[in-house]
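Asks: If you scroll down you'll find the structure; I have some questions about it.
Readers should treat all values here as calculations from the given coordinates under stated rules, not as data from a laboratory. Note that this is a predicted model, so its numbers are computed, not measured. Cβ sites come from the backbone with ideal geometry, for glycine too, and all protein chains shown count toward neighbours.
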Amino acid sequence: MTTLDELRKALDAPDGFDRCAHRQRTEKVRKIHANTVRYCELIDGSTCLTHALGIYSSNIYRAIAGPTFGYDIFAGKQFVEWLLRGHLKDLAQSAPDCLVLYFNGNVWKHAGIALANGRVVSQWGTFPLYEHETFEVPARYGDKVRHFLKPSPKDALALFVDFAKSLGIRDEDIAAAVSQPQTR
């Protein structure tokens, strides 16, 4: 019988793995290690956090996170650390549609959304979106989860803009970037 640790190690795709072949790789893992991971879809231009917060398709997010400013500002580890300093409401337990953050020790690694059935939906990096049990995720996502009230996409975008401003981005910089044609 497969242990959860064995499954999680098997779900870790190597760096540089083809994102379009990830679904087939996950299906092969299922044949060796029993699990309930279910493929949902492959989303372009998104990551676990931008999907969970609903900001990946925002022109404002894309303008700030794009190459326009020459800063390394995007919805990643530094943004989550900023959010954790009083910008998210901690929940004692999982609740439908809450934000699920995964940690390796105290270091943030992954994000998902809790479903009403107690499962989680999350995008595995730039790989596809999957529905899974809480810890049916790659081992690299850590060994601890915390639950938070998930901000609406509008509120999440406002938080991201505040984060960008805390790093020196000005309103006029954002307005100029948003007015430029976006490339994907």
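Asks: Can you work out the Karplus-derived ³J(HN,Hα) for every residue in segment 106-120? Use 6.51 cos²θ - 1.76 cosθ + 1.60 with θ = phi - 60°, whole Hz, and x for glycine or proline.
Replies: Computed from phi, the couplings for segment 106-120 are 9, 9, 5, 10, 7, 9, x, 10, 6, 9, 4, 8, x, 8, 10 Hz.
Asks: Find the relative contact order for segment 36-179 and round it to a whole percent, using C-alpha pairs within less than 8 Å whose residues are 6+ positions apart.
Replies: 34 percent
Asks: Let me ask something else. Starting from the Cα of K165, draw a straight line to each of the lysines and keep only those under 21 Å, dropping any in the same chain fewer than 8 residues away.
Replies: K77, K154
Asks: Let me ask something else about it. Can you put I73, I55, I43 in order, fewest other beta carbons within 10 Å first?
Replies: Least to most surrounded, the residues fall as I43, I73, I55.
Asks: I've got another one for you. Using +1 at the Cβ of each Lys and Arg and -1 at the Cβ of each Asp and Glu in the chain, identify which of L159, L115, Y39 lies farthest towards the dipole's positive end.
Replies: The residue sitting farthest along the positive end of the dipole is Y39.
Asks: In whole Å, what is the distance between the alpha-carbon centres of segment 1-49 and segment 119-184?
Replies: Here the answer is 21 Å between Cα centres.
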